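Visitor: Below is a structure I'd like to ask you about.
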Amino acid sequence: MRMSEYFLPTLKENPSEAQIVSHRLMLRAGLVRQTSAGIYAWLPLGLKVLRNIERIVREEQDATGAQEVLMPTIQSADLWRESGRYDAYGPEMLRIRDRHERDMLFGPTNEEMITVLFRDGAKSYRDLPKNLYHIQWKFRDEVRPRFGVMRGREFLMKDNYSFDLDKEGAIRSYNKMFVAYLRTFARMGLKAIPMRADTGPIGGDLSHEFIILAETGESAVFCHKGLVDKDILGRNIDYGADLQSIVNEWTSLYAATDEMHQADHFAAQVPTHEQLSARGIEVGHIFYFGTKYSRPMNAVVAGPGGEQVTVEMGSYGIGVSRLVGAIIEACHDEAGIVWPESVAPFKVAILNLKPGGGVVSVACESLYAALCVKGVETLYDDRDVRAGGKFADMDLIGTPWQLIVGPKGVAAGKVEIKNRKTGAREEVPIEQALTRFG
Ligand code: 5CA
């Protein structure tokens, strides 16, 4: 992408409405714009990041055997009357009436809808287990939408729902999601810690929130320090095997959110120097709730002996749009965003320090063309702007690698490579710059 052609409205000043760094940087780097309270439009750069996050979520879900579906945003109130949640959900639900005076709503979550889809499509124990997911916009009329996309009213969620014949199967499904979530967040460069959590309006008695530590986090959290650096990506995961031992490894160390925290247990289980009391951002939440929805909604299958079995369910959420803010909270410095490569909107940036058609532009054009051929996502700053402005903009946008191309370097056949994260700079021959990427 050529920056001269890109729709990238960056801001020089800090927007006054933004209280936390990720919100400020998302506005300043031109990722999003607010269109109404808690509702955001995604601009080209922000959308690229959102799509990268979705891709990682999909790959990790698919690896577990979960299958993607797409359910609508608008739901019928009758569905929610069946489960008994229509009245219970309260003012967070956006209720709508259509032209025929039918009660509709903008979905805040999909337990009811998926239970009906499953009920109508599965008849026998042979149809189990199943795990269905979708990535869809949700609406919750939050009292206090704040911190940008972190607590929005409209937000993008990956939610999935597992169906099993018995509790043992349901726990297996829960464990698969537990491990898939560890992998998903680690691939995004995040250290997400699973913590025992309250189940709120979703219900059930087993639940973990996945929390990344950040001073601006909305929840107070308490955990054993040993959880912060545990690694999952180095492990070979077989989703067909029993994952309980991996789950136990993570859950045997104390970790709880504010609502579940028990100060006496914390003190007894964790030596003082290993105790971590911090604030965190909830990026995912998983629930096992048994037959809470399947019983009232009559989601039953025929068991092996012909008997009717009410299916056991769980649901699993990831805040896809929240993650854009959460990643920035975890990955930034004074100059701007420092994207982990896996989610970066562009991997490489080319900064042309002398645009206007001379030898520097010729060198940049050939670098740009070669990177495009290799399929490396490249943002080429070909604008007629002074060098200082280009450096500042590119640091703000946070591309992991910058190729800085100026007259002196080109005369010597060289370009400078800058690593955005470490700030390390290196002069290399132009051909060598190319072999680094792709
Ligand atoms: N049905 C269940 C699991 S699919 C569910 O809705 N869980 S949830 O309420 O915990 O939401 C799942 C995830 O969505 C949360 O972990 C959080 O990351 C994200 N989320 C929830 N509310 C908001 C919001 N107002 N703005 C942005 N993200 C949100």
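Visitor: Assuming Tyr161 fulfils every condition listed in (1) in a helix (DSSP H, G or I); (2) within 22 Å of Arg58 (Cβ to Cβ); (3) within 14 Å of the ligand (Cβ to nearest atom) apart from one, which condition is it?
Guide: Only one criterion is unmet by Tyr161, namely (1).
Visitor: Taking the condition farther than 22 Å from Met157 by Cβ, within 16 Å of the ligand (Cβ to nearest atom), crowded, with 22+ Cβ neighbours inside 10 Å and in contact (Cβ under 8 Å) with a residue 24 or more places away in the chain, does Ala326 pass?
Guide: Answer is no for this residue.
Visitor: Among Lys347, Lys390, Lys418, Lys374, which is in contact with a Gly (Cβ under 8 Å, 6 or more places away or on another chain) and either of a type in the set (D, E, K, R) or within 18 Å of Tyr6 (Cβ to Cβ) (or both)?
Guide: Going through Lys347, Lys390, Lys418, Lys374 in turn, just one is in contact with a Gly (Cβ under 8 Å, 6 or more places away or on another chain) and either of a type in the set (D, E, K, R) or within 18 Å of Tyr6 (Cβ to Cβ) (or both): Lys374.
Visitor: Can you tell which of Gly65, Gly38 is of a type in the set (Gly, Ala, Ser), in contact with a Lys or Arg (Cβ under 9 Å, 6 or more places away or on another chain) and surrounded by 15 or more Cβ atoms within 10 Å (Cβ to Cβ)?
Guide: Answer to the selection: Gly38.
Visitor: Across the range 329-365, what is the total count of residues that are out of contact with any Ser or Thr (no Cβ under 6 Å at 6 or more places or on another chain), outside any loop (DSSP other than H, G, I, E, B) and in contact (Cβ under 8 Å) with a residue 60 or more places away in the chain?
Guide: So the count comes out to 5.
Visitor: Given the options Asp205, Asp164, Asp242, name the one that is charged (D, E, K, R), touching an Asp or Glu at 6+ places or on another chain (Cβ under 7 Å), touching a residue at least 60 places away in the same chain (Cβ under 8 Å) and farther than 22 Å from Gly325 by Cα.
Guide: Result: Asp164 is the single residue among Asp205, Asp164, Asp242 that is charged (D, E, K, R), touching an Asp or Glu at 6+ places or on another chain (Cβ under 7 Å), touching a residue at least 60 places away in the same chain (Cβ under 8 Å) and farther than 22 Å from Gly325 by Cα.
Visitor: Which of the residues spanning the range 139-152 are part of a loop (DSSP other than H, G, I, E, B) and touching a helix residue (DSSP H, G or I) at 6+ places or on another chain (Cβ under 9 Å)?
Guide: Those that are part of a loop (DSSP other than H, G, I, E, B) and touching a helix residue (DSSP H, G or I) at 6+ places or on another chain (Cβ under 9 Å): Arg140, Asp141, Glu142, Val143, Phe147, Gly152.
Visitor: Given (1) modelled with pLDDT of 95 or more; (2) aliphatic (A, V, I, L, M); (3) outside any strand (DSSP E or B); (4) within 17 Å of Thr378 (Cβ to Cβ), identify the lone condition not met by Val415.
Guide: (3)
Visitor: Tell me whether the range 300-307 contains one or more residues that are outside any loop (DSSP other than H, G, I, E, B) and surrounded by 22 or more Cβ atoms within 10 Å (Cβ to Cβ).
Guide: No, the conditions are met nowhere in the range 300-307.
Visitor: Go through (1) farther than 16 Å from Lys167 by Cβ; (2) surrounded by fewer than 20 Cβ atoms within 10 Å (Cβ to Cβ); (3) among the β-branched types (Val, Ile, Thr) for Thr310 and report which single condition fails.
Guide: The number of the failed condition is (1).
Visitor: Please work out which one of (1) without any contact (Cβ under 8 Å) to a residue 60 or more places away in the chain; (2) over 23 Å from Gly356 (Cβ atoms); (3) crowded, with 17+ Cβ neighbours inside 10 Å is the condition Leu434 fails and give its number.
Guide: Result: Leu434 passes all but (1).
Visitor: List every residue pair whose Cβ atoms lie under 7 Å apart, where the two residues are 6 or more positions apart in sequence or sit on different chains, the first residue falls within the range 265-290 and is within 18 Å of Ser252 (Cα to Cα), and the second residue, located anywhere, is in a helix (DSSP H, G or I) and among the small types (Gly, Ala, Ser).
Guide: Here the result reads Glu274/Gly226, each pair linking the range 265-290 to a residue that is in a helix (DSSP H, G or I) and among the small types (Gly, Ala, Ser).
Visitor: In addition: Is at least one residue of the range 165-188 farther than 30 Å from His332 by Cβ, part of a loop (DSSP other than H, G, I, E, B), among the acidic types (Asp, Glu) and more than 17 Å from the chain's Cα centre (by Cα)?
Guide: yes
Visitor: For the range 113-124, state whether one or more residues are of a type outside the set (S, T, N, Q), surrounded by fewer than 22 Cβ atoms within 10 Å (Cβ to Cβ), outside any strand (DSSP E or B) and near the ligand (Cβ under 10 Å from one of its atoms).
Guide: No: the range 113-124 contains no residue that is of a type outside the set (S, T, N, Q), surrounded by fewer than 22 Cβ atoms within 10 Å (Cβ to Cβ), outside any strand (DSSP E or B) and near the ligand (Cβ under 10 Å from one of its atoms).
Visitor: Among Leu25, Leu45, Leu11, which is the only one that is buried (at least 21 other Cβ atoms within 10 Å of the Cβ), outside any strand (DSSP E or B) and in contact with a helix residue (DSSP H, G or I) (Cβ under 6 Å, 6 or more places away or on another chain)?
Guide: Step by step, each of Leu25, Leu45, Leu11 is checked, and only Leu25 is buried (at least 21 other Cβ atoms within 10 Å of the Cβ), outside any strand (DSSP E or B) and in contact with a helix residue (DSSP H, G or I) (Cβ under 6 Å, 6 or more places away or on another chain).
Visitor: Restricting the search to the range 229-287, which residues are basic (Lys, Arg) and either over 26 Å from the mean Cα position of the chain (by Cα) or within 16 Å of the ligand (Cβ to nearest atom) (or both)?
Guide: Hit for the range 229-287 is Arg279, nothing else.
Visitor: Can you pull out every residue in the range 256-277 that is more than 30 Å from Lys130 (Cβ to Cβ) and buried (at least 17 other Cβ atoms within 10 Å of the Cβ)?
Guide: Result: Ala256, His261, Phe266, Val270, Leu276.
Visitor: Among (1) buried (at least 17 other Cβ atoms within 10 Å of the Cβ); (2) on the phi < 0 side of the Ramachandran plot, which single condition is Gly30 missing?
Guide: Unmet for Gly30, out of (1) buried (at least 17 other Cβ atoms within 10 Å of the Cβ); (2) on the phi < 0 side of the Ramachandran plot: (2).
Visitor: While we're on this one: Do we have any residue at all in the range 204-214 that's under 20 Å from the mean Cα position of the chain (by Cα), in a loop (DSSP other than H, G, I, E, B), more than 14 Å from the ligand (Cβ to nearest atom) and modelled with pLDDT under 95?
Guide: Among the residues of the range 204-214, not one is under 20 Å from the mean Cα position of the chain (by Cα), in a loop (DSSP other than H, G, I, E, B), more than 14 Å from the ligand (Cβ to nearest atom) and modelled with pLDDT under 95, which makes the answer no.
The values are calculated or read from the model by the stated rules, or taken from the named source; none is laboratory data. Remember, it's a predicted structure, so these values are computed and weren't measured experimentally. For neighbour counting, all protein chains shown are included, and Cβ atoms are generated from backbone atoms with ideal geometry for every residue, glycine included.
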